[in-house]
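Data block below; observations after.
Every number in this text was worked out from the coordinates using simple rules, so none of it is lab data. All of these numbers come straight from a predicted model, not from anything done at the bench. No Cβ is skipped: glycine too gets one built from the backbone with ideal geometry, and neighbour counts run over all protein chains shown.
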Amino acid sequence: MSLISPQSLSSKIESPNLILLDVSPASNKAGLEARYPDLMIPGSFVVSIKNELAISGAAFPNTFPNEGIFNSFCKSVGITSDSEIVVYDNLGMYTAPRVWFIFKTMGFVNVSVLNGGLSAWKEDGGEVERRMIIERSSSGNFQGKIKQGSIKSFDEVEANLSAKSFHLIDARSEGRFNGTSPEPRARLSSGSIAGSTNIPFTSLLEDGMMKSVEELKEVFSGYQKYSELVFSCGSGMTACIDLLAADQVVDVPMAIYDGSWSEWAERQKLFR
């Protein structure tokens, strides 16, 4: 399953194959605040997406890692084909779906997002400790390979304006999508890509947890008709929350427009 409850995680917390990844961000563009910024689940590897699971120095933020970067990371935290990975963050559910998507796209199947993140874990009685860097094993041997079609490029999205081979869903706020609220990134105007629709990622969560399957079915009821869904946001991060939600209830191919609005607005010269 792509989501795991605190209760289910607790039942397997002693498993020797379990690897916990704390991918809590140092900051965020959504203005979210962590309830427990200084805590983590014991034994977790503290991971920087920017420094370890993205292409450093790329033109746009959070650029999807290449296979070399991903495989080096897997080696550093001891990931093998027998590992079971649970990813979480301390904002409920913000950055963890991005790492889940990276692993799935690289061909690693047994990976889940902790529903509700660290807050849900602690408030369900789960053990916590002060957030710290723990020693890494460097014994991993999993070799990922990017699944073709999972990442859409600027050119593919631009071509889709006329081809309409997939439908684009934007996870940003309604104001940013409609162009009535400013973009948090300097210089860029807000607005949206022609033909896209808006499902703000916040509308899919309740107190940091994914809404029920019944509620998600209602949100995505009109999207099963499309042959493929592609998700976008500001920089490819929260788009993965929408994709994770859709994955619970929609059975069509899905992908991420990795450059998202940061790339689109920049290349279309949509400046303030």
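Provide, for region 3-130, the number of lysine pairs with alpha carbons under 27 Å apart, each pair being eight or more places apart or on different chains.
11
Scan (1) 20; (2) 38; (3) 16 for the value of percent of Cα pairs over 32 Å apart calculated from this model and give just the label.
(1)
Quote the relative contact order of region 69-184 in percent (integer), defining contacts as alpha-carbon pairs under 8 Å separated by 6+ residues.
Relative contact order, region 69-184: 32 percent.
Sorted by average packing, counted as other Cβ atoms within 10 angstrom per residue and highest first, what order do 127-135, 234-242 take?
234-242, 127-135
Can you give me the convex hull volume of the Cα atoms of region 3-130, divided per residue and expressed in Å³?
Given the Cα convex hull of region 3-130, per-residue volume reads 102 Å³.
So who's got an amide H within less than 5 Å of the one on Asn198, skipping anything under 5 residues away but keeping other chains? H placed 1.01 Å off N, in plane.
Residues meeting the criterion, in which the H sits 1.01 Å from N, are Asp170.
Ranked highest first by the average count of other Cβ atoms within 10 Å around their residues, in what order do 198-204, 12-18, 80-86 fall?
198-204, 80-86, 12-18
If packing is taken as the mean number of other Cβ atoms within 10 Å per residue, what is the order of 136-144, 61-69, highest first?
Top of the packing list down: 61-69, 136-144.
If amide H atoms are built 1.01 Å from N in the plane of the peptide, which residues on other chains or at least 5 residues away come under 5 Å of the amide H of Lys152?
Ile256, Tyr257, Asp258
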